Amino acid sequence: MSEIFYKSTRGDNNVFSAAQAIAKGIAEDGGLFVPTEMPRLEKSIEDLINLDYRELAYEILSLFLTDFTEEELKYCINSAYDEKFDTSVVAPVVKAQDNYFLELFHGPTLAFKDMALTILPYLLKTAAKKLDIDQDIVILTATSGDTGKAALEGFANIDGVKIIVYFPQNGVSEVQKKQMVTQEGANTYVVGIEGNFDDAQSGVKNIFADDSFNAKLRDKGFMFSSANSINIGRLVPQVVYYFYAYTQMCKSGEIKVGDKINFVVPTGNFGNILAGYYAKELGLPVGKLICASNENKVLYDFMSTGTYDKMRDFLLTMSPSMDILISSNLERLLYTLCGKDTTTVKDLMDNLNSKGIYNITEDMKKGLEDFVGGYATEEVTAKSIKDVFETTGYLMDTHTAVAYSVLKEYKDNSGDNRKTVIVSTASPYKFTANVMKAIDSKFGEVDEFELMTEMEKLSGVTIPEPIKDLDKKPVLHKTICSKHEMKDQVEKILGV
């Protein structure tokens, strides 16, 4: 097996090992790390079918993280995918009538971010040891709701690491906010910002790109890294569950080995669906990757026209983790679409930064044929939650409902009858207010935490342990700042 190296999407010609790329988080020129070549999966699907999640994770991750020893990689995997998940299957595919839901919310924070953020701390810790890093690592992360808690949970009380999470103060659900602001751990810091997720994400990227500030921190014994999916160590573990979904579909007899299936993915920052694209590049028999957006449909418009335009109203929706207008991971796809031409990627990103818009070429548009874009309105999303529950008894969260809605429209219009897996990204318990209101308007005025009991009665699904009595936990993080004060908060927290 040849060693896989990583380079920036934007033109820095240096190459890095996987450990170096994970530790750095983002390239010095502001680009994202991508493999210099896509690894090859030498085993057949038949070889993978009977593997459990941890065994399969080793097979996939070993292709990308070639500088990690077998012992190191298995330590990371076995430490991540253990009793923290409430099912030994880790990521089950659940059938409800003709729908297949890949449930990625059985981890400690009830969202798909756990699939990668339970392993990233171990990958980062191992990388730091391999590289003899003696500085304290400062994880700097922006969240639209789920990454924050999952990262805090993963990195809490890890020696040599501090984690600072920024979230839009008025742009997450009450459950998401309470999960973050009650987080324990002497090395955890949570800051609400007066702005939206894009403001938080841009602020974090600007801090990473501030050379003088980074030099100042290095002198004080700190280095930055990221827990967002801009970190290749966050993205690569997500490839695993696409293979796992496929092997489960084979084992259950829903498909035969070699049959192509589609995946529909509720998408904001583009990392989750990009992992599906990487799985297809490795050889997984994927037909279409259906990119499902909410009313912040910047990705739908891009898929439809080849123009990415963030200059539009930012809408707060019932699927807040997708309320994003700057989809960072799309940069990695652009790198592939333009034939790895880093000059083109840099020009596109510069245009986005300066003008808020860019256009891709006709040749690049042809590369989008693996994808289909769709979006769902708030009204359609709510109706889908109600319809699916009433006809199947299956209760979806708001983000999964966006994916279901887009899939329904796609099937009606395309005639594509391939089996399709709906990537279910969160427990409905994380969004009780909007889910229950969709079921019956009488729940509209009930407190979000009181609604958990009502949801338990209605669905027959026990309130998950991680959020039981969440409303009774003390608030430990009370800092709120403007988007222009984010760097000041870093200085204050680190005492520099």
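Read-outs throughout are calculated quantities, based only on the coordinates presented, and are distinct from any laboratory measurement. None of the values given here were measured: they were computed from a predicted structure. FYI the Cβ positions are ideal-geometry reconstructions off the backbone, even for glycines, and counts take in every protein chain you see.
Side notes on the structure shown:
- Cross-link partners of Lys442 among aspartates and glutamates (Cα-Cα below 14 Å; sequence separation of 8 or more within a chain): Glu450, Glu454
- Across the chain, C-alpha contacts under 8 Å between residues 6 or more apart give a mean separation that, scaled by the residue count, equals a relative contact order of 18 percent.
- Nearby lysines by direct alpha-carbon distance to Lys492 (threshold 16 angstrom, same-chain neighbours under 8 apart not counted): Lys162, Lys216, Lys220, Lys478, Lys483
- Of the trypsin sites (Lys or Arg not before Pro) found in region 14-59, those that fall in a DSSP loop while having at most 16 other beta-carbon atoms within 10 Å are Arg40, Lys43.
- Extension gain (nm, one decimal) between Leu131 and Asp488, 0.36 nm per residue minus Cα-Cα: 125.6 nm
- Difference of contour (0.36 nm per residue) and Cα-Cα distance, Asp211 to Asp412: 67.2 nm
- Entry for region 49-145 at q = 0.13, 0.22, 0.25 Å⁻¹: log10 I(q)/I(0) = -0.55, -1.23, -1.36, Debye formula applied to identical alpha-carbon scatterers, no solvent contribution.
- Per-selection Rg to Rh, the chain - Cα, Kirkwood hydrodynamic radius: 0.93
- Here region 1-66 yields Rg over Rh of 1.07, to two decimals, using C-alpha coordinates and the Kirkwood radius.
- Reducing region 418-496 and region 138-176 to their Cα centroids gives an inter-centroid distance of 13 Å.
- Contact order normalised by residue count of region 234-353, Cα under 8 Å, 6+ apart, percent: 23
- Cα centroid separation, region 228-264 to region 42-115 (Å): 9
- Qualifying trypsin sites (Lys or Arg not before Pro) for region 405-496 [loop in DSSP, other Cβ within 10 Å: at most 11]: Lys478
- Net length gained if the chain between Thr69 and Asp469 were fully extended (0.36 nm per residue, minus Cα distance): 139.9 nm
- In the chain, the calculated helix contribution to ellipticity at 222 nm averages -13000 deg cm²/dmol per residue, counting -39,500 (n - 2.57) for every DSSP H run with n ≥ 4.
- DSSP-loop GluC sites (Glu not before Pro) across region 1-67, with at most 12 other Cβ within 10 angstrom: Glu3, Glu37, Glu42
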